[in-house]
Amino acid sequence: MNSYFAPLILILLVLAIWFAWRYYDLKRRIDGYTNLIRNQPANLPTRLKGLEDLSGGIASLKSSLEFQLSTLDSETYRLSTVLEQLTDGVLIADSNGQVQFANPAACKLFDTKNPLKHSVAEVVRNHQLIEAWRRCQQTRETQSESVELPVRRQFLQLVIIPDTHEGGSLLLVQDLTRVRRLETVRRDFISNVSHELRTPLASLKALTETLQNGALSDPTAGPRFLGRISTEVDALSQMAQELLDLSRIESGQVELIRSQLTPKILLSTAADRMKMQTERAGLKLTVECDDRLPYFNIDKSRLEQVLVNLIHNSVKFTKPGGQITLEAKSVPDGIRCAVKDTGVGIPSESLTRIFERFYRVDRSRTGSGTGLGLSISKHIVEAHGGKIWAESEEGNGSTIFFEIPI
Ligand code: ADP
């Protein structure tokens with residue numbers, strides 16, 4: 001029995017010594033690390049340092065990634081704000097022609113609420129623009145097309161740029177309606193001015209030629225032709241002055257010199273200036289205005305010019321024996337003035353057009369001028385923040401109102 005125990009005890013002893021040694025070794029190493037960490041952190045083992053470097057690297061990578069993500073976020077935000085605020089339309093279509101992105105301007109220009117996942121053709125709804133997009137898809141070259149949409153009274157320009165990576169395309173839409181309208185106005189203006197100049201110039205030429213051919217020595221015809229020349233020259237200088245006024249007012253060069261004034265004083269001063277002319281035309285001019293109306297802050301000479309223009313028109317278009325009345329009254333938004341006459345009246349279709357430059361109801365009407373007076377008046381009233389309009393019944397007189405806010 002003893003012969004069995006002896007090796008067993010030996011094995012157990014060896015095991016006990018081994019465990020004791022392992023425990024001692026482990027404790028010694030832990031104590032060593034603890035001492036190192038406590039007393040000499042600079043001499044930490046290389047492996048431990050490597051681990052520390054790695055974790056430091058991961059931390060800096062994390063913060064750089066976070067920084068890049070936040071930069072990307074703010075870039076995306078900035079880009080989406082720009083696209084949202086852009087007045088030009090932007091559409092992005094994939095290679096199948098499905099719209100993947102549309103900014104609000106594009107939705108507005110193409111009059112659609114939700115263009116996403118619809119085809120370019122469904123959104124654009126114009127065969128010229130669709131053709132341009134097809135050309136771009138086939139040739140992979142930038143295409144541009146301009147179209148007029150008569151129903152929507154719009155003039156659009158579309159530029160289609162191929163997307164080289166995805167096979168899709170970027171569609172940029174510009175609304176050129178305003179630019180076109182301004183171009184038309186400018187063209188019309190030049191043609192109107194040349195037309196208006198041609199008539200008096202032609203008659204001046206004819207009159208001088210007649211005088212040169214002998215009428216100058218004729219005691220009756222000579223002075224008559226000279227008188228007509230003088231009238232034509234007056235008309236020309238009036239037109240030149242009105243054009244100058246109009247261009248100054250339109251380009252904002254005229255600054256209003258405002259002062260406090262009662263409506264009664266404004267109407268009376270204008271009436272006094274036109275008194276002689278109205279009497280000569282056989283017309284009666286009266287002012288109907290409450291003295292107690294509040295003061296308004298206006299450019300006196302400019303608004304007087306408006307009233308003189310309006311009274312002058314009433315004189316031109318009212319038969320002798322007629323009546324012209326100047327009125328002013330208080331309204332919720334300010335002071336409303338009116339020049340009322342018992343003249344020929346204005347046809348309803350011309351009531352808004354008479355404020356356009358060079359517009360005249362009937363060019364053959366006697367007394368018709370350059371067609372600029374009401375246009376100038378409108379600009380002056382609008383410069384005061386007010387509005388002007390006409391009411392009339394053909395054959396039963398006209399009233400031109402203007403309202404100035406207090
Ligand atoms: P004009 O120098 O020809 O009078 P305006 O711009 O002052 O130019 O007026 C434009 C046109 O409006 C006139 O040519 C005339 O046909 C019409 N009109 C303006 N005021 C009156 C009015 N009181 N009665 C009738 N027609 C008027």
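What is the distance, in nm, between label points placed 7 Å from the Cα along the Cα-to-Cβ direction at GLU356 and at ILE11?
Those two pseudo-labels are separated by 11.9 nm.
For TRP133, TRP389, TRP21, which order do you get if you count the other beta carbons within 10 Å of each Cβ and list the fewest first?
Ordered by Cβ neighbours within 10 Å, fewest first: TRP21, TRP389, TRP133.
For the chain, treating each Cα as an identical point scatterer without solvent, what Debye log10 I(q)/I(0) comes out at q = 0.06, 0.09, 0.15 1/Å?
Normalising to I(0) and taking log10 leaves -0.54, -0.85, -1.27.
Which whole-number percentage describes the relative contact order of the stretch 40-199, with Cα contacts under 8 Å and a sequence gap of 6 or more?
17 percent
Tell me the mean residue ellipticity at 222 nm calculated for the chain from its helices only (DSSP H runs of n ≥ 4, each -39500 (n - 2.57), averaged over every residue, nearest 500).
-18500 deg cm²/dmol
Using the Kyte-Doolittle scale, which helices in the chain average at least 0.0 and also have C-alpha atoms spread 20 Å or more along the helix axis, with helices defined as whole DSSP H runs?
Helix filter hits for the chain: 2-39.
Just TYR23, TYR359, TYR295 to compare: in a GNM of the chain, with alpha carbon springs under 10 Å, which one fluctuates most?
TYR23
If I build a Gaussian network model for the chain, linking alpha-carbon pairs within less than 10 angstrom, which residue out of ARG178, ARG22, ARG258 has the largest mean-square fluctuation?
Of the options given, ARG22 has the highest mean-square fluctuation.
Can you bin the stretch 209-336 into rounded, prolate or oblate? Criterion: square roots of the alpha carbon gyration tensor eigenvalues sorted a ≥ b ≥ c, rounded for a/c under 1.5, prolate for a/b above b/c, oblate for the rest.
In terms of gyration-tensor shape, oblate.
Starting from 0.36 nm per residue, how many nanometres of slack lie between ARG78 and GLU393 once their C-alpha separation is accounted for?
Here the answer is 107.7 nm.
Once Lys and Arg get +1 and Asp and Glu get -1 on their Cβ, which of THR370, ALA383, SER70 lies farthest toward the positive end of the dipole of the chain?
Toward the positive end, the furthest listed residue is SER70.
Which of rounded, prolate or oblate describes the stretch 115-161 when judged by the alpha-carbon gyration tensor and an a/c cut-off of 1.5?
The shape class here is oblate.
Does the stretch 133-272 classify as rounded, prolate or oblate by the C-alpha gyration tensor (a ≥ b ≥ c root eigenvalues; a/c under 1.5 gives rounded; else a/b over b/c gives prolate, otherwise oblate)?
oblate
Relative contact order for the chain: what percent, with Cα pairs under 8 Å and sequence separation of 6 or more?
Averaging sequence separation for qualifying contacts and normalising by length gives 9 percent for the chain.
If you place +1 on the Cβ of every Lys and Arg, -1 on the Cβ of every Asp and Glu, and leave all else neutral, what size is the dipole of the chain about its Cα centre, to the nearest 20 Debye?
640 debye
Which listed residue (ILE298, SER330, THR34) has the Cα farthest towards the positive end of the charge dipole for the chain, taking +1 on Lys and Arg C-beta and -1 on Asp and Glu C-beta about the Cα centre?
THR34
Every read-out reported here was derived from the displayed coordinates using simple, explicitly stated rules and does not represent laboratory data. In this text the structure is predicted, and so the values were computed from the model without any measurement. Don't worry about glycine lacking a Cβ; one is built from the backbone with ideal geometry, like all the others, and counts go over all protein chains shown.
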